[in-house]
Amino acid sequence: MDGRGILQGLAVTLKHFIASYVDDFKRKNRYFSEEGVKYRSSPEVEGIFTIQYPEERRILHENFRYIPFLVYDEGEEGQRDIRCTACGICAKVCPAQTIWIVRAKDPNTGRPVSKPAEFYIDTTLCMNCGLCAEFCPFDAIIMDHDFEIAVYDKPDMVFDIERLLRPASYYQQIRPTQYAQKAAEREAKAKAKAARRGAARTK
Amino acid sequence: MAQPAVAASDLEARFSDILTPDTRKGYEGYIVKPEGLLAFAKALRDEYGYDYLSSVTGVDYLPNDMMEVVYHAYKITGGPPLVFKVQVPRDNPVVPSVTSIWPGADFQEREAWDLLGIRFEGHPNLRRILLWEGFWGHPLRKDWREPYYEGEHKPFKQRTSGPHFWHEDHSPFGKNVDYPPGFDPYTWEPETADQILYESVVQRTRKPEQEELHSEQVVVNLGPQHPSTHGVFRMIATLDGETVVALEPVMGYLHRNHEKIGERNTWIMNIPYTDRLDYITAMSNNFGYVLAVEKLMGLEPPERAQYLRVIMAELTRIVNHMWAIGFLLNDLGAFFTPALYAIEERELILDIFEAASGSRMMNNYMRFGGVVRDIPEDAWDMLVKLVTDRLPRKIDELDRFLTHNEIIKSRCLGVGVLTPEQAIALSTAGPVLRASGVPYDVRRAEPYGIYDRFDFEVAVRYHGDVYDRYLIRIDEMRQSLRILEQAIRDIPERGAPILAGKPQYQVRVPAGEAYGRVEGPKGELGFYVVSTGKANPWRYHVRAPSFINLTALEAMSIGNKVADLVVILGSIDIVLGEVDR
Amino acid sequence: MKRPNGDELQKPGYDIPDELKGSVVVTTLNRLYNWGRRNSVWPMMFGLACCAIEMIATAASRYDLARFGMEVMRPSPRQSDVMIVSGTVTKRMAPLIVRLYNQMPMPKYVIAMGACASGGGPFKEGYNVVSGVDKLIPVDVYIPGCPPTPEALLFGLMKLQQKIEKQSFREVYTKPDYIPEPVLGPDLMDPRDYPKIREYTQKKLEALQQQAAQAAQG
């Protein structure tokens, strides 16, 4: 009870205090640069730890997930080819049951076609778990990185298909590894299918 | 220690009139007649060494018109559980209370009464615990429906056939409410639940001579909105001067109907829900749940997945203890500096979680038979650096910063003492139990996963006070690092399989029951699941360590000053998501 | 998106002569008032569930709420400007949340942080869950996410700052000041709904009686 313990503790805080300035002198580009943000998210960081959002952004890992979005491929004539086939697996696997899908109907025959007419994600329910994207067989629903979606009105929190659609190039940009991997898988599958078809024909 | 097999046959012979083995397919243990329960339980505790009652819960078997109470008792020296059940008719479910033998059953029996309507005869304080007095019905009964009822099971048909709607648009009140027929709010007399509460706390300690002297005790209410109650927890304490003479924890302010929703979900849907139980230790919750279901499915995850699970679970332990220590110091009045230092390390670990699972807190990382994806290489490098270099340094620093601080010592030493006997009797678990000198750790007592391969010590301290509960967390973090170092060394090369079988969203779970338990950072986290072979669990119960540890709160607090209440609560380290579920 | 700072004060909407630039500030009182309010929003130290952990993380060193003048977390509603409803609002907690809201001084703001506070979230179907805190008290900003990352919360807070900035003196004090506290009966009851509840339960009783009568006849 002689106060040595307190002094020892105060020395620790003092060290932290000094470290924040020492590091500022030692390192150039410590703020407002990608290099600086990287350093401040690394195990080596000492001193100031703050990432000054919104001027600086934490580097989100590719696997980061927030609200899902739907992918469309940009067609040659500028049309949007929605990858979703309205199979409903995402709606079935969603734990919070936040996905609503209405299948499109063929305007001529009235039969349902494998495209969604309406697609809703209710973000007042969505728990960002990522199961929909994980089990989507068409790589059509992807977890977004965009977290800047606060709104003033509650109805705006229900995302309809227009709000959900993003181009495949955006997908490639936020998740390059996954995009490449899935594209390769699809290609392999298509090749196998073609080979099978070819084999059947030769028979 | 007696061989379990010998003990079992011995038990059957001795209690042949009240005991029958449970022969249903996929079930284990014994069925005890209600009239013989107390004698059987007493013999179990005193003669057979099953002194630790881990879990008590009820199951509603609606098709058989039967309620079942399931008990899991363990030996504190380790080993598998003894499961026994009591079956009672559904229209009049009355079971003798075992609180006189295992006081730790107190809250769990109250919960079973609250949610399933099973009455426990002889329980000293059988009131609702998670819901309020006057609530209409017992919601976990299978024939009870909530106002927002959409279907018996998920997935709901409406999702793939119609446009978006909000439940409230279908309700006449525009809200998630429903009222019993004939109910009139104008003539309705409110059951003054608070009044009953306050009076029950005063009654417990009032002595006849005090009434004559009019020396009144003061009842103090803390919470539910109080900065030091770690969420929405409430305590009602009776004080004699400044000394606590009785205390009643009040909870349920975050009761989110986890179990009712869990019984409607498919098996896989429950994994992200478990994240939200104890929201600081999501990985560990995942682990417990998948373990329970894998037991039913008879699935064994591949090597690399086993290691990844251990790595994530141990990182979670460090995250949790960092947080716990930081906020214990907050409760002591060292406002925020220690917590800030601790949160800094937590953030770095969360970065690894984010890279591996996609989310900082709600990881949803484990699947039946493995994990969802391999840890990316950059995150792995960071993990190795953290474990081998930064974390040991930072834990030492925290130790240097706090452990010998005179103010902390004078506030913590000898405060909130829990003796080993009390700790076992009250079914406490985790750091609370081990700080009282009982070296019980599920990782050692009944190893799960691959924990039998690691060389580590079960941290134990002997005084059972707040200071020891702080120290034990430092010790445990160091042991976790030891495990992590071994896991990093031994893990199979990248590219090895991480999932048994193909990823699938409709798993086939054979009928039966299983109890999976892990040593979570807060204590023994158990999942009791019953399957009927369908796409969703029939019963899904969580044995939440924070909830059951709170049973010991009164025992810890009595005799201490009211100012120490906050610290004692902080030292148990509760998370309300898990307490209230 | 730019972080709000003092620069806007210098742009009153008309030109300041060059020689005076930098030495005078021309503004309306309203704008000055809002500038002050916007940069000193004190949140209530009030956590409900998982999102509270992210709120604490936002206040901690990595995201540092102090940069927005919001680090002063007040444990008392009497001293706070904004209530961040961080987590699932349960029926049992509902009367207390309304009471806390009533105790806050005007002007007051409410942020629904995360899916649960916005609309019940994954727990919406539960029997003890309120489907969004907006069923109880008016909400200014909704932040989706489960939980919203600290950055998402900061973005929501900046949205609130933008909202404050656009308000006028008069507008600020027009929100309902007092909301009757719900009561915990057989279920959560809003005192304003009592007539409706009686009507509903009577109808239900009659339906039951009819059913019973039919059964007796048949």
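Figures for the structure shown
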{"read-out": "Inter-chain Cβ neighbour average for residues A:50-56, partner chain, 10 Å", "value": "6"}
{"read-out": "Size of charge dipole - the range C:37-172 - debye, nearest 20, with Cβ of Lys, Arg +1 and Asp, Glu -1, no other charges", "value": "360"}
{"read-out": "Most fluctuating residue given options A:Ile121, A:Ile89, A:Ile48, as computed from a GNM of chain A linking Cα atoms under 10 Å", "value": "A:Ile48"}
{"read-out": "Max mean-square fluctuation residue, GNM over chain C, Cα-Cα springs under 10 Å, options C:Arg67, C:Arg99, C:Arg198", "value": "C:Arg198"}
{"read-out": "Shielding by partners, peptide B:36-44 (average Cβ within 10 angstrom, other chains)", "value": "0"}
{"read-out": "Chain C: C-alpha pair distances exceeding 29 Å, %", "value": "40"}
{"read-out": "Under 14 Å, Cβ to Cβ, from B:Pro63 - net charge with Lys/Arg +1 and Asp/Glu -1", "value": "+1"}
{"read-out": "Top positive-direction residue, dipole computed over the range A:14-105 with Cβ charges, set A:Val22, A:Pro68, A:Val37", "value": "A:Pro68"}
{"read-out": "Percent antiparallel among DSSP beta bridges (both partners in chain C, rounded to 5)", "value": "20"}
{"read-out": "Translational diffusion coefficient (Stokes-Einstein; Kirkwood radius from C-alpha pairs) of chain B at 20 °C, 1.002 mPa s, in µm²/s", "value": "86"}
{"read-out": "Rg and Dmax of the protein assembly as shown, Cα atoms only, in Å", "value": "29.0, 106"}
{"read-out": "Cα-centred dipole magnitude for the range B:138-183, charges only on beta-carbon of K, R (+1) and D, E (-1), debye, nearest 20", "value": "180"}
{"read-out": "Within-11-Å neighbourhood charge of B:Pro545 [Cβ basis; K, R +1; D, E -1]", "value": "-2"}
{"read-out": "For chain A, built as a Gaussian network whose Cα springs stay under 10 Å, the top-fluctuating residue of A:Ala104, A:Ala188, A:Ala168", "value": "A:Ala188"}
{"read-out": "Per-residue average of Cβ from other chains inside 10 Å of B:127-136", "value": "3"}
{"read-out": "Candidate aspartates and glutamates - alpha carbon under 12 Å from A:Lys26, same-chain residues fewer than 8 apart omitted", "value": "A:Glu46"}
{"read-out": "Most positive-pole-ward Cα, B:Met382, B:Ser410, B:Gly523, against dipole of the range B:258-580 from beta carbon charges", "value": "B:Gly523"}
{"read-out": "Anchor B:Lys561: lysines whose Cα lies under 20 Å away (excluding residues fewer than 8 positions away in-chain)", "value": "B:Lys409"}
{"read-out": "Lone cysteines, the protein assembly as shown (no partner Cβ under 4.7 Å)", "value": "A:Cys84, A:Cys87, A:Cys94, A:Cys126, A:Cys129, A:Cys136, B:Cys412, C:Cys50, C:Cys51, C:Cys116, C:Cys146"}
{"read-out": "Cβ-based charge dipole, the protein assembly as shown, positive-most Cα from B:Tyr540, B:Val83, B:Pro420", "value": "B:Tyr540"}
{"read-out": "Antiparallel bridge percentage (DSSP; both residues within the protein assembly as shown; nearest 5)", "value": "75"}
{"read-out": "Candidate lysines - alpha carbon under 30 Å from B:Lys85, same-chain residues fewer than 8 apart omitted", "value": "B:Lys25, B:Lys33, B:Lys42, B:Lys75, B:Lys142, B:Lys154, B:Lys260, B:Lys295, B:Lys522, B:Lys534"}
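Read-outs throughout are calculated quantities, based only on the coordinates presented, and are distinct from any laboratory measurement. Please read all numbers here as calculations on a predicted model, not as lab measurements. A quick note on method: Cβ atoms are made from the backbone with ideal geometry, for glycine too, and the neighbour counts reach across all protein chains shown.
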